[in-house]
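Encoded as structure tokens, the structure appears first; notes follow it.
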Amino acid sequence: MSAVSSQLICKTFPVGLLHCNCTLIGNTETGEALVIDPGGDADQIMAYVHQFNLRLVSILHTHAHLDHVMGAGALKQHTGARIAVPAADRFLWEAVEMQCRAFRLAYTPVPEPDDWLQDGDALALGGIALHTPGHSPGSTCFWFPQEHLLVAGDTLFRRGIGRTDLWGGDYATLEQSIRQKLYRLDQNTRVITGHGPDTLLGDEMRENPYIRG
Ligand SMILES: [Zn+2]
């Protein structure tokens, strides 16, 4: 567990066969919590929710690739939390079964989302949705300005960027999203990535071999 402020806890752990980073953010005073990218292993996610005595109110998705979504249905069933998916990834959410076939992974049905996210939408716990298309048309980062925290999905990695060869991906769009949206945030922002280790935004602006700030 890593504390990001006196009230908020933030825990990131890999889930599912493709080791998507799932992040649980909770307010220890109010008990309110959200989960980002439940790619699988819903039982493990619920164990953390219970361990920290939290109440899940929101299930957020940075994008609708198969490895970031397959635990959503079970979490919804356990908690009744609202599922939110970027609006421009609707075509991917509705084609999860096709995606699973393409990657030869077992398919777990995903329910209809409660909310379709747009750029600038306000989230639970003071978060803001930043639409950063490129890895997929709907790819969205979740920014928690008071905590200097960004959950970037597959848009930006530590010394890497998201692939753009999947459905609707586009390199020029990804580059513009990173430059125009992410590299304008506070350099001290901690970035939780969709796979692998986290990083600092300022470090990526200086050291990322693909896109310099
Ligand atoms: Zn992805």
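By DSSP, the beta bridges lying fully in segment 2-207 are antiparallel in about 65 percent of cases. Measuring gaps between exposed loop sites in the chain (chymotrypsin sites (Phe, Trp or Tyr not before Pro); DSSP loop; at most 16 other Cβ atoms within 10 Å), the longest gap, sites not included, is 108-166. Restricting the calculation to Cα atoms, segment 112-213 yields a radius of gyration followed by a Dmax of 12.8, 40 Å. Residues Thr199, Thr108, Thr140 in ascending order of nearby Cβ atoms (within 10 Å, fewest first): Thr108, Thr199, Thr140.
How much net charge surrounds Leu75 when only other residues with a Cβ under 12 Å from its Cβ are counted (Lys, Arg +1; Asp, Glu -1)? With Lys, Arg at +1 and Asp, Glu at -1, the net is -1. For segment 1-103, run through the GluC sites (Glu not before Pro) and keep only the ones in DSSP coil with at most 14 other Cβ atoms within 10 Å of their Cβ. In loop regions of segment 1-103 (DSSP not H, G, I, E or B), the sparsely surrounded GluC sites (Glu not before Pro) are Glu29, Glu94.
The calculated 222 nm mean residue ellipticity attributable to helices in the chain amounts to -5500 deg cm²/dmol, summing -39500 (n - 2.57) over DSSP H runs of n ≥ 4 and dividing by all residues. So if I take the centroid of the Cα atoms in segment 171-213 and the same for segment 36-91, what is the distance between those two points in Å? Their Cα centres are 24 Å away from one another. Which of the trypsin sites (Lys or Arg not before Pro) found in segment 72-134 are in a DSSP loop and have at most 14 neighbouring Cβ atoms, other than their own, within 10 Å? Those that pass, being in a loop and sparsely packed, are Arg104.
Normalising the average separation of contacting C-alpha pairs (under 8 angstrom, six or more residues apart) by the number of residues puts the relative contact order of the chain at 14 percent. Shape index of the chain: Rg/Rh, with Rg the Cα radius of gyration and Rh the Kirkwood radius from the inverse mean 1/r over Cα pairs, equals 0.94.
Where a number appears in this text, it was derived from the coordinates with a stated rule and is not lab data. Keep in mind that this is a model prediction, so the values were computed, not measured. Cβ: placed from backbone, ideal geometry, glycine included. Neighbour counts: every protein chain shown.
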